[in-house]
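The structure under discussion appears below in the form of structure tokens.
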Ligand SMILES: Nc1ncnc2c1ncn2[C@@H]1O[C@H](COP(=O)(O)OP(=O)(O)OP(=O)(O)O)[C@@H](O)[C@H]1O
Ligand SMILES: [Mg+2]
């Protein structure tokens, strides 16, 4: 079982939006997925209520209970756990960061990128695998702002491909309790999220190999 934690100090960077769409894309690709919502705002618990379907389990969890809950899920045969965390520094974010892979989403703006650097520092202090993900990029990819963002994050460490664009499909999918791949399966947001899952899967394998070699 592998875990992916979405963490960043900056509010509104897209942690919950991406976590929900990614969880669904991974489930569609054959993973047995569970989602832990560690944010008292409970965005994903609410998303799951709208969803209604029990195919992907979603539960709120407190930081002190995360480790035992993950062990339980592993026993039950789950293959992937996606963890959403609150913005800012918190016990929840720190507990989530201690797992397999930390994804740090950032909008391609200076303030967001600076916050990412803080989150990166925490991940590095905890000696965790982390990777950046640009989100809400203008759909015309050639913007200088996005390119600066790519350069800044590449300089800080790994950057996931593809960057995610700002697309109404992500917002509509969330509103309907769906992932982007369910809301508009042949749309560009769905294609982006499927590619994102493929790159994360490779990253998780690399992180596991790194741990075995260490
Ligand atoms: N790729 C995207 N395209 C369009 N809208 C997006 C995208 N990603 C996120 N959003 C929108 O941006 C807002 C913030 O997203 P979200 O709530 O997922 O961020 P968050 O990091 O979880 O925020 P918080 O820190 O408050 O938990 C939401 O209104 C969401 O619909
Ligand atoms: Mg959120």
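Stretching residue 89 away from residue 171 to a fully extended chain increases their span by 27.0 nm, per 0.36 nm per residue minus the current alpha-carbon distance. Once the Cα-Cα distance is subtracted from the 0.36 nm per residue extended length, the residue 114 to residue 151 segment shows a gain of 12.0 nm. Annotation: the residues 114, 197, sorted from fewest to most other C-beta atoms within 10 Å of their own C-beta, follow the order 114, 197. Spin-label pair residue 71-residue 202: with each label point 7 Å from Cα along the Cα-Cβ axis, the two points sit 3.5 nm from one another.
For the stretch 25-44 versus the stretch 137-186, the spacing of their alpha-carbon centroids is 18 Å.
Counting neighbouring beta carbons within 10 Å and listing from fewest to most, the residues 83, 24 come out as 24, 83. Taking the number of Cβ atoms within 10 Å of each Cβ as an exposure proxy, the fewest-first ranking of 196, 101, 204, 134 is 204, 101, 196, 134. Placing a pseudo-label 7 Å from each Cα along the Cα-to-Cβ vector at residue 124 and residue 140 gives an inter-label distance of 3.5 nm.
Antiparallel DSSP bridges in the chain: what percent, to the nearest 5? List each step's numbers first, then the result.
On the way: 0 of 25 bridges.
Taking every DSSP beta bridge with both residues in the chain, the antiparallel ones total about 0 percent.
The GNM of the chain, with springs linking C-alpha atoms under 10 angstrom apart, assigns the highest mean-square fluctuation among 39, 100, 148 to 148.
For the chain, what is the calculated [θ] at 222 nm in deg cm²/dmol (nearest 500), taking -39500 (n - 2.57) for each run of four or more DSSP H residues and dividing by its residue count?
Numbers: 9 runs with 107 residues, N = 214.
Roughly -15500 deg cm²/dmol at 222 nm, from the helical runs in the chain.
Bear in mind these aren't lab numbers, they're just calculated from the coordinates by the rules spelled out. On a predicted model such as this, the values are computed, not experimentally measured, just so you know. Note that each Cβ is placed from the backbone with ideal geometry, even for glycine, and that neighbours are counted across all protein chains shown.
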